[in-house]
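Visitor: First the structure, then my questions, so here it is.
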């Protein structure tokens, strides 16, 4: 994971700024002869589009992905797959007032500190828009792991402090908030409206489950599966915490309670979350990520300008009330990418 | 982070099994002309030694590190630093009964699934002993970041469900459990003794604080500082969760409460934990990791053998009651290693 | 150098097939605040365009580069620079007869063996057209090393067996064949016309000289400067040999003759070619690469089809008589890319 | 190929200075369940030992390799294989006079320029002794490719200007100079004695042939097989040129003569040297490398000291007259390492 590339064998590089001409991804190392069309990728992109969900901003991007290379007559060729999404609705001028101001909670101040320059429009590279490239690449990764019988599904486990209790993943797929508990979802929607009315934003927790993953994926001791997943998920802009299996609750368990007894038909419990010593065990992989509230709130905030002088910033632009549920396909994409990479790595030594 | 190597410019490769001839690390990319002696490294290793703490196993290793290359007349030369620690007290025969059995909660079953072979003695490569190489390499990393004014300090934030309340980091340094709250520590010791008497083990939470880190370290979008730290920490065998700044609590905050207002003299709060958009902000970096209870409990456990038949395993050997506090220098080492790598990476583009 | 990416800190990934929608490159790790415009890159691309030189094919591509990211208000921002060149003049149907036939000397048969599928149109990924992305990226690299005072210049040292004798690099820059010896160039042009009339093609030798390179670039022992340059140059499709300094002639010298005596003002000779033990010495870096004749000859050739049956192939399409001089900007680009990467790597440890 | 590590999946890191305590290699990514013993590795090391060949120095090292990890009960486990060779006969004090002087043709001056410090004893890291770790790792690589039916054999093609004409590879294996032409070898031995008498040294050319390599290994466009081989071979201290197949002679051929016609039973000629478009074709891979004469000559040489003042250096120590034939196992090792890495990489996408 160096710079804008992730992966050892299945390598994804994303590029693009929020208000530049386009954003995209290059995927190198995709196995050949896998059926792939723009529509396969478009389906994933549509899930993270703004404007279709109750928590969403009104910004509308066609988000049409174009496959520029690596696919021939509907099949991958093994060469790099270049994916591009034009930024069709980029009102850069809206951000002119932010050229010299740092928005609290955003990367404005750290990009400036690092590079001494930044594209201030819409957060530039640090914008959530960058994740379009991740989702596009994740769609390709999902095809690879799908051929091995692996599925990745995520849902809203908590939003604005309201937790989903009755997990019905099937319900999540058709729910506007991708929430598996219709009753909780109703309360989440109310919380979202309250927050929007208050010019405020909400955080939440996403749960991700991987099914059908064979045992044996992951490389000790630094290339562990859980290390890779945690790094990939923590690298999503909004994420402040990652846990696997029992997670933080494991810190309060005893060994006797936490160990998962092993039976011929499988593990009796799954506190490990499908990973032991960094290698998949064949059990479900279960992850939870904590998402902070979107920092773009409408009320005036205390800040400094690029010269270090105190200032008040009022963030305009079009923003969501919560990254949930739009962040969910991004979480899934990152998990698919890490799994695809490890699947290929394991094939190299298993044959 | 591929296989047993971590880092882009400051690269650490560890090697060695629990009961093989030795364990060690090779550090490539260390800048030249840094004063370094075996004693510098030994001091860190001694902090993770078994047998010196109330939670510890009676296994005693001299753990003498030998510098085999890369240091000339007391200074690093820029060439690879090879560090070796002989395994002097390795009673491999103790583990003969575990040759064909998988211990619950351990990597036995996943290593077997991945490789079709494993060194069963003491967990082989998956043993906590592997972390000696990490700690040795971390001592070198600590020298590098220390020259830049960065310090890394970790302590016991929670053990067996008992949380430290009054954080006095200075107290932690001299405390046997590296706990900053003497009152809480007293209760932790009681919990440890209860657990030991019950043949059981305990988990806990380690808090890590980085001070003096300049703004600008970390590379978007996959090589982010928080992604790197989370991956490195989740790659420690015992860790099931990682959070940064407000962490999981951020999921329940509103944007207005979570954003850290910026003032000319610095951030007013630090819910971000010192990292914004994956780049350090100059504020303290604050991390917490959840450690599961050690899976080596003394009571018989349900399991299967290598042929998949049901079996009962009773784990002998010498084991700690909790990875805390021995895991603390390992956590610090991983953070030092990630910081050193990013510090060098930033120098490449900053000059 | 894995797959389609080269570099550790200055990383270039190219993508695109000869007759797909576009070809391009993503550059990750470019330092910020460097002035860069499409025109800077276009100038380099124009040097490798078909149709402008006596040895060239009649295919004409506008070869207009578009900067899609990483540059803001005329300066690099430190984020990935995505460059795209549309394939405007791609007559894929010309190649229909080659769908099932392997052209001798081309990668058709090996791509099929590796991937079990290939884009047969114009060589697909193995086409010389792929080098457009390299040249575009090389233009960015040239800016970086240029700021450090390093220049890279290559010329035609030999073509069709005719060697340039009087090296006047200045003459090379304005010469149609980029040949520093006008007399030799006249003979080369005759040889080219003879070969074209015979439906045959010619090989040659390119010499590359790097001036102004500071001492100290290159990383022992596998990341040596000469190793990096040789790998990068041998990775150009047409190249069958690389030598540095005295090169193959050094194999026939004695140590006394080959050693370059050192004087306070510099090396008395330069048989080393500017590199000692893989690290630059401050002297000129001198490289020569052997280019094979273009395999696309017009006369019928013995081959097999994709089923392994014997066949005769007649290569149509539009082809050059020699890769020289169009390969010269590609050689320069690869050298610029390797130098830029090592320059950044050295900065990381030198400060 | 960054710093002291080579490979993507089969990764070799070497460490150690000529006169430090030891030298060695860590191999990460070796597939599990491959029979491996210290004797397997020792056999290769013995081939590059000093003191056993007519061109050799009198320095005698036991060169006993110790396997410190990664092998259990005679088989690889998939975990890192750490190999160590103690430096038993290191007369560091011999080099005291060279502490402040740069030997022409050596890396003394460039290491000092790069790092501002160096271990001057015997060339430190730049010593030929470093290659012991490469050869040890190459022995492991040879096991992996051997299981796939691939063999690597190199011999002396030229020494001191005398070329082997009648290539009988079988003869080379038992020849003291690893020369396949007994008649030429006789003359080479005479040249070696003349050079030794004159206090001078000789260069030569090594030819390497890979047999049994399947088609399809190598990754376009920067991870090509020929790029990887050229980089690995040029990274050997003594090498100044690398060519593949027809090599530099290809530059003087026409396309009609150079193309290898394809027949159902294979290629009619092999000017390509077994690689087309960077991917192996199934034909023999043929490489030649140019080795410069050893720079350690006995006569006084013009140089400067570390302060830049003119000086005369007389190189003492114990030195060979030619790197041939001791460099031959090193060439083979590098080729084995690159092939093993590509073999694993291909398995990842081929299954």
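All of the numbers you see were taken from the coordinates with simple rules; none came from a lab. Bear in mind the structure is a predicted one, so any value in this text is a computation, not a measurement. FYI the Cβ positions are ideal-geometry reconstructions off the backbone, even for glycines, and counts take in every protein chain you see.
Visitor: Kirkwood Rh over Cα pairs of the protein assembly as shown into Stokes-Einstein at 20 °C, 1.002 mPa s: D in µm²/s?
Guide: For these conditions, the coefficient is 67 µm²/s.
Visitor: Angle check, please: helix C:182-197 long axis (alpha carbons) against the longest principal axis of chain C (alpha carbons), in degrees 0 to 90, nearest 10.
Guide: Long axis of C:182-197 versus the principal axis of chain C: about 20 degrees.
Visitor: Return the chain C residue and its Cβ-to-axis distance, rounded to the nearest Å, for the rotation relating C to D.
Guide: Nearest Cβ to that rotation axis, in whole Å: C:231, 1.
Visitor: A follow-up question, please. Copy-to-copy spacing for residue A:214, label 7 Å out on the Cα-to-C-beta vector, in nm, shortest first?
Guide: Here the equivalent label points are 1.6, 4.8, 5.1 nm apart from this one.
Visitor: Next question, about the same structure. Ignoring everything except DSSP H segments at least 4 long, calculate the 222 nm mean residue ellipticity for the protein assembly as shown; use -39,500 (n - 2.57) per segment, divide by total residues, nearest 500.
Guide: It lands at -8500 deg cm²/dmol.
Visitor: Which whole-number percent of Cα pairs in the stretch C:5-350 have a distance greater than 30 Å?
Guide: 39
Visitor: Once you place label points 7 Å from the Cα toward the Cβ at residue C:194 and residue A:193, how far apart are they in nm?
Guide: Label at residue C:194, label at residue A:193, 8.8 nm between them.
Visitor: From the label point of residue C:66, set 7 Å from Cα along Cα→Cβ, how far away are the matching label points in the other copies, in nm, ordered shortest to longest?
Guide: In nanometres, ordered from closest: 0.4, 6.2, 6.2.
Visitor: A further question follows. Taking a label point 7 Å out from Cα toward Cβ, give me the nm distances from residue D:170 to the same spot in the other copies, shortest first, one decimal.
Guide: The answer, with the shortest distance listed first, is 6.2, 7.3, 8.3 nm.
Visitor: Quick check: pseudo-label points 7 Å beyond the Cα along Cα→Cβ at residue A:299 and residue C:96, how many nm apart are they?
Guide: Inter-label distance under the simple model: 6.9 nm.
Visitor: In addition: Could you tell me how far the Cα centroid of the stretch C:249-301 sits from the Cα centroid of the stretch A:102-124, in Å?
Guide: Using only Cα atoms, the two centres lie 46 Å from each other.
Visitor: Follow-up. Taking 8 Å as the Cα distance limit and 6 or more residues as the minimum spacing, I'd like the relative contact order of the stretch C:95-239 as a percentage.
Guide: 19
Visitor: If you fit an axis through the alpha-carbon atoms of helix C:225-234 and take the longest principal axis of the Cα set of chain C, what angle between them do you get, 0 to 90°, nearest 10?
Guide: Helix C:225-234 sits at roughly 10 degrees to that axis.
Visitor: Below 8 Å, C-alpha to C-alpha, sequence gap of six or more: please give me the relative contact order for chain D in percent.
Guide: In percent, rounded to a whole number, it is 22.
Visitor: Please state the Cα pair-distance histogram of the stretch A:71-131 with 5 angstrom bins from zero: what percent is in each bin?
Guide: The distribution over the stretch A:71-131 is 4, 15, 21, 17, 11, 10, 7, 8, 7, 2, given as percents.
Visitor: Continuing with the same structure: Can you tell me the FRET efficiency between residue D:314 and residue B:148 if r is taken as the Cβ-Cβ distance and R0 is 56 Å, rounded to the nearest 0.05?
Guide: 0.80
Visitor: Any idea what angle helix D:327-350 forms with the longest principal axis of chain D, computed on alpha-carbon atoms, 0 to 90 degrees, nearest 10?
Guide: Taking the Cα atoms of chain D, the angle to D:327-350 is about 40 degrees.
Visitor: Which residues in the stretch D:183-227 place their backbone N less than 13 Å from a point set 7 Å from the Cα of residue D:284 along the Cα-to-Cβ direction?
Guide: Flagged as within label range: D:207-213.
Visitor: So, one more: Taking 7 Å along the Cα-to-C-beta vector as the label spot, tell me the residue A:39-residue B:211 distance in nanometres, rounded to one decimal.
Guide: So the two model labels end up 6.1 nm from each other.
Visitor: Apply 1/(1 + (r/R0)^6) to the Cβ-Cβ distance of residue C:88 and residue A:88, taking R0 = 25 Å, and write down the FRET efficiency to the nearest 0.05.
Guide: Working from the Cβ atoms, E equals 0.65.
Visitor: Another question, then. What number in nm² do you get for the stretch B:281-351 if you take the convex hull of its Cα atoms and divide its surface by four?
Guide: Its Cα hull, projected and averaged over all orientations, spans 8.6 nm².
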